[in-house]
């Protein structure tokens, strides 16, 4: 079919304005698909560049090997220390950060006067906006020496320092998402509970919080995603040694393993770093899937 | 309010309230401490020499002018590219899209993008922009990586403000005989300009604070360049410079000075977004 036939068939010949409108429509469609394309490119590149090393090293040895010695004469590529460190570090950050974030969100959503809430929203915004390297810097100069003196360990750059920094860094997203969920609970629920003789505090914790349950879970899962993906701040405070995780040892996370060796890596070592990124990506995808389930679950209710 | 409740209940309520106060106290003290500590350690080291010179091996001095310029270049380049794409995508989703599947795919993609950690953007950016596209380690490659990272932010804020444009505005314009594109250009977009500006401010904040994604795409160099030359050569932004000075060279005074600058920018950006939020609320309230 040639162009002239095509134009006539679509009715563009008699109506050039319609041609223009349809072209613009097409342009916007393409712009919309950029996001989809990016996700596809990221996934494809990670899989293509991450899989070869996993196959060469052997999936079991790669995932469950406990020794990482990428530059040794007999290199070993076991990333179990990184995986466990990422899991422990994230769990620690959640254990410390989520209760603080949760109670702060309940206070801000239900008890705080308007002026306090406005001020706190600004506080949380600033906390969320502080660059991760600044958190790392403050952690390096306060937490690391603090832990060394307080617990009498030779080096303060430990998993504990990383956990504290991560806990602070996930606070803003935990608070913000829980806050939105708590504020969306219908006022009638609370009024019914108050009318039955519950105190206001009982109402907030026994009625409002359960009603906002799925939103609060979403906040926690988002926090997990943040914590597991953070790289620069913990690279500065965690000591960056490929140990099996322990609270007072220097450790290396999945993210920092990639970041710390990338600049001088080559050959199989470089490929293994891409494999680590692929593992990290799979973790993130899992978290995304959980988020989606939570979201649709919340909608059906 | 006089409440006759048992001691156990009262104790429980008191405990829960105490937890709330403690948590809010912790958040407040943390924020105040972060801001004051960084400013206290950093401000004394912000000097004219630091701000307006380049690092010199000969005189053994450090200046961050190249890093400041690199940051400005990368913000401009990233925004110029991400704005049309993000706003366009939002317009497509809100004004054009009729196919439910396409909308879901785009929204799912945007959500996935906003969950991907920056270190992965850094790696893929390095593979795609630096190596595959042949840009090498350069500010432009860094900016393109940031474009993908910030796409969801711009899309979301624009979409939210597009949704607040009353349907009657569009209908009025259509009734006067305007085509779809004309309605969007002359009626819809001007009405939601505040939302787009908010998205830009948020994106600037994220670009300023990004480091992991830039480490392998934009590099560490501290050379003084013009805009065009700067984009095609490697360069450290403020955050990357902070990391290098703190972790690899042990220059904590310089690092804190940069941190203080970044902290001031963070506070300004937050005040601006809060102001824009109030502005939009007032307009929508009318």
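Each reported figure results from applying straightforward, stated rules to the coordinates on display, with no laboratory input. Here the structure is a predicted model, which means the values were calculated and not measured. Virtual Cβ from ideal backbone geometry, glycine too; neighbours counted across all protein chains shown.
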Length-normalised contact order of chain B in % [C-alpha pairs under 8 Å, at least 6 apart]: 27
If the convex hull is drawn through the Cα atoms of chain B, its volume per residue in Å³: 225
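Order these by the 10 Å Cβ neighbour count, fewest first: A:284, B:72.
Listed from fewest to most nearby Cβ atoms, that is B:72, A:284.
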Label-point gap, in nm, between residue B:15 and residue B:176 - each point 7 angstrom along Cα→Cβ: 6.5
Among B:22, B:184, B:91: highest mean-square fluctuation, GNM of chain B, C-alpha pairs under 10 Å: B:22
Cβ-based exposure ranking for A:42, B:207, in which fewest neighbours within 10 Å come first: A:42, B:207
Size-normalised alpha-carbon gyration radius of the protein assembly as shown, reference 2.2 N^0.38 Å: 1.04
Relative packing of B:36-49, B:152-165, A:206-219, which averages over residues the other C-beta atoms within 10 Å, highest first: B:152-165, A:206-219, B:36-49
Most mobile listed residue (A:244, A:285, A:232) in chain A, GNM with C-alpha springs under 10 Å: A:285
Whether the stretch A:1-159 is rounded, prolate or oblate, judged on the alpha carbon gyration tensor where a/c under 1.5 counts as rounded: oblate
Relative contact order, percent, the stretch B:13-77 [alpha-carbon distance under 8 Å, six or more residues apart]: 17
Centre separation in Å (Cα based) which lies between the stretch A:26-82 and the stretch B:116-144: 15
Radius of gyration, Dmax [the stretch B:1-89; alpha carbons; angstrom]: 25.7, 78
Averaged over B:253-266, number of beta-carbon atoms from partner chains that fall within 10 Å: 3
Proxy reagent accessibility, fewest Cβ within 10 Å first, across A:199, B:18: B:18, A:199
q = 0.21, 0.22, 0.24 Å⁻¹, the stretch A:3-57: log10 I(q)/I(0) [Debye, one scatterer per Cα]: -0.80, -0.83, -0.89
Relative pair counts by distance (%), Cα atoms of chain A, 10 Å bins: 6, 20, 24, 20, 14, 9, 5, 1, 0
Relative contact order %, the stretch A:8-78, counting alpha carbon pairs below 8 Å whose residues are six or more apart: 15
Selected from A:26, A:150, A:80 as most flexible by GNM, with chain A as the system and alpha-carbon contacts under 10 Å: A:26
Tensor-based shape of the stretch A:241-301 (alpha-carbon gyration tensor, a/c under 1.5 rounded, otherwise prolate or oblate): oblate
Mean ellipticity per residue at 222 nm, deg cm²/dmol - from DSSP H runs of n ≥ 4 across chain B, formula -39500 (n - 2.57): -22500 deg cm²/dmol
Euclidean distance between Cα centres, the stretch B:236-283 to the stretch A:252-275, Å: 28
Cβ neighbours within 10 Å from other chains - mean over A:192-202: 3
Shielding by partners - mean other protein chain Cβ count within 10 Å, residues of A:99-105: 6
